[in-house]
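What follows is a short report on a single structure.
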Amino acid sequence: MFKGVQLDKISSKHLYIQLYSQLKSLIEKGEVKTHTKLPSIRKFAEELGVNNVTVVNAYNLLAEEEIVYKKVGSGTFVAPKVEFKEDIYLDEEVYIDEDTKFIEERKESGQEGIINFATAAPTPDLFPISPFKRLINKVLERDGGYAFGYQKSQGYLALRKSISKYINRYQIEADVNEIQIISGAQQGIDILAKTFLDYGDTVFVEQPTYPGAISVFKSRNANITEIPINQNGIDLKLLESELKKEKPKFIYLMPNFQNPTGYSYSQEKKERILELAQKYDLLIIEDDCLSDLNYGESNNMALKAMDEDERVIYIKSFSKIFMPGLRLAFLIIPECHFNDILLSKYMSDIFTDGLIQRVLDLYFREELWEKQLNKLKETYQQRYQIMITVLNEYLPQECDFVAPEGGLNIWLELPQGLTANELYDKAFAAGINIAPGTVFYHNQPQTNKVRLSIAAVTEREIKEGIKKLGDVINKELSNSNQDWDNRWMPLV
Ligand SMILES: Cc1ncc(COP(=O)(O)O)c(C=O)c1O
């Protein structure tokens, strides 16, 4: 059963990684049964024509992921499948956050759990805990206390090199000097605001936009001008007319799978914005959380990849495509802003956690990143397809939405007369949590928009939750029709 294992000695991939991947795949596909003994190290190494160490390293990787177990003196065996042990957390009240506690209490009191379409944060079952555990140990063995000393404010050099390579896949060329490691994209927005904004300065944002950015700009007492976005990007006519009136310190944009709408800018719009930036000496802050989660054919090229005139500061978070708790993101900065931004970072928190930076670096170097991203993308894509199908099936025709080609969010327009805040209350009572669109505006929020996210819901929950949401909306619609009848009754 191990006869099919073949190693490519001229590949750039390490032999032990190749061996580990092939064995893991055989075990995961069930081609090697639980408790089967793996070949002895010496014999397998001879058969494969490799060094014993190659086999030892591959077996160690499998053991660290709990795919195999070792018995002293007997050898290495295929381990039973490990299920996600939720109880580890739930037994210890101290580890539970308020939301989880609330959902558990609902379940215990006989009510069903809340189906959460409100959050765009991935859930713990999607996090790569085993490899992470192994890499933390590896870093600790390799770097010891250095991982806990003061680090460079700009970030760990090896990680910046890995990021420079990773981002190159998206046609963004960034030298290590241009990369600034930050503790989450939220910190990125904050230190950019700190760098560029004084009291009363103006910033332009899309309308609607990410509320975390609005809060930061408000905290700097900035004037915020909102420019509406539609399904192929920001309204360029309005943008240009605002630029003629006033020069903002910068414009904050999300050109791919925008939060909250999921809309992406057309290529033409991206080019035109860069032209406007040149014409009006405009600095663009591009916040790119989700462009990796592309499910269709759309061109999700970043503005930064097209930025020949150094007009764009690029922010990329690892929260949505890896684990939000790492608090890790990076900026790509044009040279003229290096020092000012570095100083703001220094003033904020001096540096980002050194241990986590080192672990993420190894994650890239051991090529685990690609695997994790593919896994996430596959999970989200399946959820997304189900979501679109059930939205079309269960929501009344009076609801409207544009199916985005990627990301985590769908921006739903409610029928006239039904507000998002009303729906929020009714849906919550029915066990569905949604994000009312009003929170994504600075001024004059549109009251009939809702953001639905697929980040924290299973496929079953999507089907069940959207069906329930459809029922709630239909009920509200029929109530409002009755109101209408009653109002007009005396005229008949
Ligand atoms: C557009 C956008 N920018 C930034 C953030 C904050 O990300 P981080 O967790 O990296 O601070 C979020 C989080 O939801 C977001 O949606």
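The values are calculated or read from the model by the stated rules, or taken from the named source; none is laboratory data. The structure displayed is predicted, hence computed values, not measured ones. Every residue, glycine as well, gets a Cβ built from its backbone with ideal geometry; the counts of neighbours run over all protein chains shown. These accessible areas exclude ligands, DNA and RNA; they are computed on the full protein's heavy atoms, side chains included. Shrake-Rupley method; radii C 1.70, N 1.55, O 1.52, S 1.80 Å.
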Could you state how much accessible area His14 has, in square angstrom rounded to the nearest 10, with a 1.4 Å probe and all protein chains kept in place? 110 Å²
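With an 8 Å cut-off on Cα pairs and a minimum separation of 6 or more residues, tell me the relative contact order of the chain in percent. Mind dumping the intermediate values first?
Numbers: 764 pairs, mean separation 82.7, N = 492.
That works out to 17 percent.
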Could you tell me the accessible area of Glu242 in Å² (1.4 Å probe, neighbours in place), rounded to the nearest ten? 40 Å²
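Write down the percent of antiparallel bridges among all DSSP beta bridges whose residues are both part of the chain, to the nearest 5. Each step should come with its number before you reach the end.
Numbers: 25 of 44 bridges.
Taking every DSSP beta bridge within the chain, about 55 percent pair in antiparallel fashion.
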Please compute, over every Cα-Cα pair in segment 148-365, the percentage with a separation greater than 30 angstrom. 18 percent
Mind listing the phi-derived Karplus ³J(HN,Hα) values for segment 294-302, rounded to whole Hz, using 6.51, -1.76 and 1.60 with θ = phi - 60°, and x for any glycine or proline? 9, 9, x, 9, 5, 7, 9, 5, 6
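Rounded to the nearest 5, what is the percent of antiparallel bridges among the DSSP beta bridges in segment 236-394? Write down the numbers at each step before the final one.
Details: 4 of 12 bridges.
Percent antiparallel among DSSP bridges in segment 236-394 is about 35.
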When the accessible area of the chain is split by element with a 1.4 Å probe, what percent falls to carbon and sulfur? 49 percent
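If you place +1 on the Cβ of every Lys and Arg, -1 on the Cβ of every Asp and Glu, and leave all else neutral, what size is the dipole of the chain about its Cα centre, to the nearest 20 Debye?
Numbers: 58 positive and 72 negative charges, 339 e Å.
So the magnitude is around 1620 debye.
Output the antiparallel fraction of DSSP beta bridges having both residues in segment 148-365, as a percent to the nearest 5.
Values: 10 of 27 bridges.
Close to 35 percent.
Please go through the residue pairs Lys29/Lys70; Lys9/Lys371; Lys371/Lys449; Lys13/Lys138 and name each one whose alpha carbons sit more than 25 Å apart in this structure. Numbers along the way, then the final one.
Working: Lys29/Lys70 21 Å; Lys9/Lys371 22 Å; Lys371/Lys449 35 Å; Lys13/Lys138 19 Å.
Violating the 25 Å Cα-Cα cut-off are Lys371/Lys449.
Of the cross-linked pairs Lys33/Lys165; Lys165/Lys279; Lys133/Lys463; Lys316/Lys375, which ones have a Cα-Cα span greater than 30 Å in the structure shown? Mind dumping the intermediate values first?
Details: Lys33/Lys165 39 Å; Lys165/Lys279 32 Å; Lys133/Lys463 34 Å; Lys316/Lys375 19 Å.
Correct reply: Lys33/Lys165; Lys165/Lys279; Lys133/Lys463.
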Accessible area in square angstrom per residue, the chain, 1.4 angstrom probe: 49 Å²
Any idea what angle helix 368-394 forms with the longest principal axis of the chain, computed on alpha-carbon atoms, 0 to 90 degrees, nearest 10? 40 degrees
Return the sequence-ordered ³J(HN,Hα) values of segment 439-456 in whole Hz as given by the Karplus equation 6.51 cos²θ - 1.76 cosθ + 1.60 applied to θ = phi - 60°, using x for Gly and Pro. 6, 9, 10, 8, 10, 6, x, 6, 8, 10, 10, 9, 9, 10, 10, 9, 5, 10
Ratio for segment 1-79, C-alpha Rg to 2.2 N^0.38 Å, reads 1.00
Can you grab the distance from the C-alpha centre of segment 397-413 to the C-alpha centre of segment 319-372, Å, no decimals? 31 Å
Here the Cα Rg-to-2.2 N^0.38 Å ratio for the chain is 1.11
Full-extension gain between Ala158 and Asp400, please, as 0.36 nm times their residue separation minus the C-alpha to C-alpha distance. 82.4 nm
